[in-house]
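Enquirer: One structure coming up, written as structure tokens, with questions to follow.
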Amino acid sequence: MFSINKFLGILPNASEHGYMVDSMLEACHWFMALLFVGWTIYFLYTIHRFHHSRHPKADYHGVQSKASAHLEFSVVLIEAVLLLGFALPLWGKRVNGDQFPPSTDAVRVHAVAQQFLWNFHYPGPDGVFGRQSPEFVTENNPLGLDPNDPHGKDDVITKNELHLINQKPTVIEITSKDVIHGLALEHMRISQDAIPGSRIPAWFRPIRAGTYDIICSQLCGYGHSGMRAVMTVETQAEFDSWFKEQSDLQHPKPAGTAPAPAAPVAPAPAAPTAK
């Protein structure tokens, strides 16, 4: 069947819930196409039907039929069904905390926006995010991790690089360090504003491995167009290998002390000479 979504260039879906978003968009596009064709035909008909050559004198009584009122009511009814039957339930499932997957079963990431890049913060092997505070923010500590918090000493932070596990739920908590940004994961059918002072969760399940673009969906300044990042969806083994590599780079283990030199061995006494 001809798909208006594909005709309009909507990116392929790569998330578990994305088909519902695509189905709603497809229905809306067909509905709007039907309205466009219908109203265009009606407009052309009225131009022909009420041309001044046929009606040189205006009729101030207007249309007496109730057909137009019924059509208008039908349009409102269909729009209400799309909104109340599809859009709001789908939105509610994405933001309802009861629908979120358990923390133990999901990849958890903090997405922190700033002009003009994305910081992605993963908890370390202990599974606990380190405490953050603005007073600790430096060039080498962009997210302000508390250096005295043991939970933050194994955390991993990347810039413009988000790695996820295929077929595993992902919970992203989104915020901003400066102005309002927007985290747009178009292939995952997820878009959420990053607002300073708020940490807003969103969740989805990737179902297709690959590399996808991340863009900022809110005009955030002169560098907005360059605020791009890369999302990689991979297997569990590939993710574990990447995470270990990042952890080793960001938290190198102290070099071990050199082994103590061996004690010198005394030479064996010479054998007595026979006389």
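The values are calculated or read from the model by the stated rules, or taken from the named source; none is laboratory data. This structure is a prediction, so every number in the text was calculated from the model and none was measured. Positions of Cβ are backbone-derived with ideal geometry, glycine not excepted, and every protein chain shown enters the neighbour counts. Heads up: the accessible areas ignore ligands, DNA and RNA and are worked out on the full protein's heavy atoms, side chains in. Shrake-Rupley method; radii C 1.70, N 1.55, O 1.52, S 1.80 Å.
Enquirer: How much of the accessible area of the chain, probe 1.4 Å, is carbon plus sulfur, in whole percent? Provide the component values of the computation, followed by the final result.
Expert: Working: 11180 of 17800 Å².
Ligands and nucleic acids excluded, carbon and sulfur reach 63 percent.
Enquirer: Still on this structure, please answer the following. Where does the chain land on the Kirkwood hydrodynamic radius, alpha-carbon pairs, in angstrom? Please report the intermediate quantities before stating the final value.
Expert: Working: mean 1/r = 0.0420 Å⁻¹.
After inverting the pairwise mean of 1/r, the radius is 23.8 Å.
Enquirer: Quick one: if you stick a label point 7 Å off each Cα along the C-beta vector at residue 64 and residue 245, how many nm between them?
Expert: 8.0
Enquirer: Moving on to the next point. In angstroms, what radius of gyration and Dmax does segment 1-60 have, counting Cα atoms only?
Expert: 19.6, 61
Enquirer: Under 20 °C and 1.002 mPa s, how fast does segment 1-134 diffuse according to Stokes-Einstein, given a Kirkwood radius computed over C-alpha pairs? Answer in µm²/s, whole number. Intermediate results must be reported in sequence, preceding the final value.
Expert: Working: Rh = 20.8 Å.
In µm²/s, the coefficient rounds to 103.
Enquirer: In terms of modelled amide H atoms, which long-range or inter-chain residues lie less than 5 Å from the amide H of residue 230?
Expert: The list, which skips near neighbours in sequence, is 161, 162, 214.
Enquirer: Could I ask something else about it? May I ask which of 6/177; 168/244; 93/153; 153/177 have a Cα-Cα span longer than 27 Å here? Numbers along the way, then the final one.
Expert: Numbers: 6/177 36 Å; 168/244 19 Å; 93/153 34 Å; 153/177 21 Å.
Listed pairs above 27 Å: 6/177; 93/153.
Enquirer: Quick check: convex hull over the Cα atoms of segment 127-197, volume per residue in Å³, rounded to an integer?
Expert: Values: hull volume 8.2 nm³, N = 71.
Enclosed volume per residue, from the Cα hull, is 116 Å³.
Enquirer: Ok, one more. Can you list the residues, at least 5 places off or on another chain, whose amide H is less than 5 Å from the amide H of residue 190, using H built in the peptide plane?
Expert: Correct list: 185.
Enquirer: Could you tell me which of 32, 242, 44 has its Cα farthest along the dipole of the chain towards the positive end, charges placed at Cβ (Lys, Arg +1; Asp, Glu -1), taken about the Cα centre?
Expert: Ranked along the dipole, the leading option is 44.
Enquirer: If each Cα of segment 130-169 is one equal point scatterer, what is log10 of I(q)/I(0) from the Debye formula at q = 0.19, 0.27, 0.29 Å⁻¹?
Expert: Taking Cα atoms of segment 130-169 as identical point scatterers yields -0.63, -0.91, -0.98.
Enquirer: Continuing with this model, one more query. Counting only Cα atoms, I'd like the Rg/Rh figure for segment 99-236, Kirkwood definition for Rh. Walk me through the numbers before you get to the answer.
Expert: Details: Rg = 14.4 Å, Rh = 15.2 Å.
The Rg/Rh ratio comes out at 0.95.
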